């Protein structure tokens, strides 16, 4: 964990509710895809945890959905503004798993951390398939960004307005994607359905309301097969078999 | 400009009065990666019970204006694991006497935990959280009546040798009566205040934000309440007080001490700023210089 003052270099809407914020600053504490950062927002007591969509030396990309006051305030932030950020939080995805074909499954605002993950898996020479689920066509974001990485992309929408009609599990079945390991981030019902429908090993990134974000308050604890764990510290990424549904 | 920040709690000497409050610092493991723990006056560790507890369902946290509500539900690994695993690990990272925060749901539980922790050399002070519900008395919190708070105090004092501080709940009509009852029952000191009972509602979903509906409100918003209660109790009692509640700056710490606190705990602020205690300790000498204070202990209870 490191506290860094970042400067906003862009902040734009990708859909009606989803925004992409790029920030300049020291990203050296971020070591794995799937980690998150916490932004201090003026007028709010607690920091807001946001997953890391991408990072390079000196540059951080966050893709977030406006769901409350904190994220609404973020969406209104102007270029040039300084933001106090705790970086390098959480464990992140394990990209060193031995697998030939990786399946990445994202639902809605669970999609962003999979972007960096896809980049790293591609760089390691893995074959990567990405399945992205949204409610409707107007909520789709980052499809082109994933395609630009040269990975297979299947999009599903619940209302059928674009891509496969149905959930990510329907899209996986219909497209016949083959993989020997999966990574996923999205709403809990999606993660549950996915875990129970695929018979390969994998890991899931969970979301929970947090107090501190670095393991001291026990605000985000979940029960796992090996006892209580903190989503912010031992997580947010857990192995499929750890989760008690 | 060499300022004397030291203070004393019942013979336990602290290099400075700043102590992370129980539940906002775990057992020090995570925070030892943020700064050298030895800069702290002491550490009050995570509230510990007889058995391991997972605590309450999530969400456990709610944002509030200038504060937060938590309903963690005393998640902890249990007294035996704390002694066998957490304390030895903490001993490697922090080389001063610690404050052992103990909770219980019955007199038996308080006594068993306190008797065990009393034998641990690194424990300087036992801090008894009386805000827990008494399972043998309809779930009424021990700390909400003078009689039951005194009863816990007497029971714990009978099985311990170290200084016992009772951590009082602010959710009472007369904090002074309860503080006096604890003092008369043999308490060596008092910590106040614990969190205030609060609640938030998600107006879009028409349901409480927190799974447990209500929880403990803490953070900057409660600071004036904490100062008032520390002041009232300091006027009425003769035992040392650890002031706690909404402290976020060195000025807050000074204010708390002027109200009557011999030491100061920093709680919720640690969650939003992991460097809070370090920054307060570093700022104290400048604040003292500005206010003409040479020895911090001189200002304890200076406001009459």
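Every read-out reported here was derived from the displayed coordinates using simple, explicitly stated rules and does not represent laboratory data. All values derive from a computational prediction rather than experimental measurement. We place every Cβ from the backbone using ideal geometry, glycine too, and count neighbours over all the protein chains shown.
Values as computed for the structure displayed
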{"read-out": "Beta bridges by DSSP in chain B, antiparallel share as percent, to the nearest 5", "value": "40"}
{"read-out": "Ratio Rg/Rh [Cα only; Rh per Kirkwood] for the stretch B:178-218", "value": "1.30"}
{"read-out": "Gain in span if fully extended, residue B:80 to residue B:36, counting 0.36 nm per residue against the direct Cα distance", "value": "13.2 nm"}
{"read-out": "Average beta carbon contacts from partner chains per residue of A:39-46, 10 Å cutoff", "value": "4"}
{"read-out": "Cα centroid separation, the stretch A:5-66 to the stretch A:218-245 (Å)", "value": "24"}
{"read-out": "Chain A: proportion of alpha-carbon pairs further apart than 30 angstrom, %", "value": "22"}
{"read-out": "Distance (nanometres) between label positions extended 7 Å along Cα→Cβ at residue A:12 and residue B:108", "value": "6.7"}
{"read-out": "Rounded D (µm²/s) - the stretch B:179-304, Kirkwood Rh over Cα pairs, Stokes-Einstein at 4 °C, 1.567 mPa s", "value": "82"}
{"read-out": "In degrees, nearest ten, helix A:112-123 long axis to first principal axis of chain A (Cα)", "value": "70"}
{"read-out": "In Å, descending, principal axis extents of the Cα set of the stretch B:73-115", "value": "32, 19, 17"}
{"read-out": "Where the Cα pairs of chain B fall when distances are cut into 20 Å bins, in %", "value": "36, 59, 4"}
{"read-out": "Mean-position separation - Cα centroids, the stretch B:246-291 and the stretch A:76-104, in angstrom", "value": "34"}
{"read-out": "The protein assembly as shown - mean residue ellipticity at 222 nm from DSSP helices (-39,500 (n - 2.57) per run, n ≥ 4, rounded to 500)", "value": "-7000 deg cm²/dmol"}
{"read-out": "GNM result for chain B, Cα springs below 10 Å: residue of B:286, B:265, B:122 fluctuating most strongly", "value": "B:286"}
{"read-out": "Folded to 0 to 90 degrees: helix A:188-197 orientation relative to chain A principal axis, Cα", "value": "30"}
{"read-out": "q = 0.06, 0.10 Å⁻¹, the protein assembly as shown: log10 I(q)/I(0) [Debye, one scatterer per Cα]", "value": "-0.33, -0.83"}
{"read-out": "Virtual spin-label span in nm between residue A:162 and residue A:201, 7 Å along Cα→Cβ", "value": "3.5"}
{"read-out": "For B:271-278, mean number of other protein chain Cβ atoms within 10 Å", "value": "5"}
{"read-out": "For the stretch A:131-209 and the stretch B:184-200, distance of Cα centres in Å", "value": "50"}
{"read-out": "Rounded to 5, the percent of DSSP beta bridges in chain A classed as antiparallel", "value": "60"}
{"read-out": "Pair-distance profile P(r), taking every C-alpha pair of the stretch A:101-207, with 10 angstrom steps and integer %", "value": "16, 55, 28, 1"}
{"read-out": "P(r) tail fraction, the stretch A:2-89 - alpha-carbon pairs more than 17 Å apart, %", "value": "40"}
{"read-out": "Over the stretch A:146-245, relative contact order from alpha-carbon pairs under 8 Å, at least 6 apart, %", "value": "18"}
{"read-out": "10 Å Cβ neighbours from other chains, averaged over peptide A:215-227", "value": "6"}
{"read-out": "Cα pair distances exceeding 19 angstrom across the stretch A:15-145, given as percent", "value": "51"}
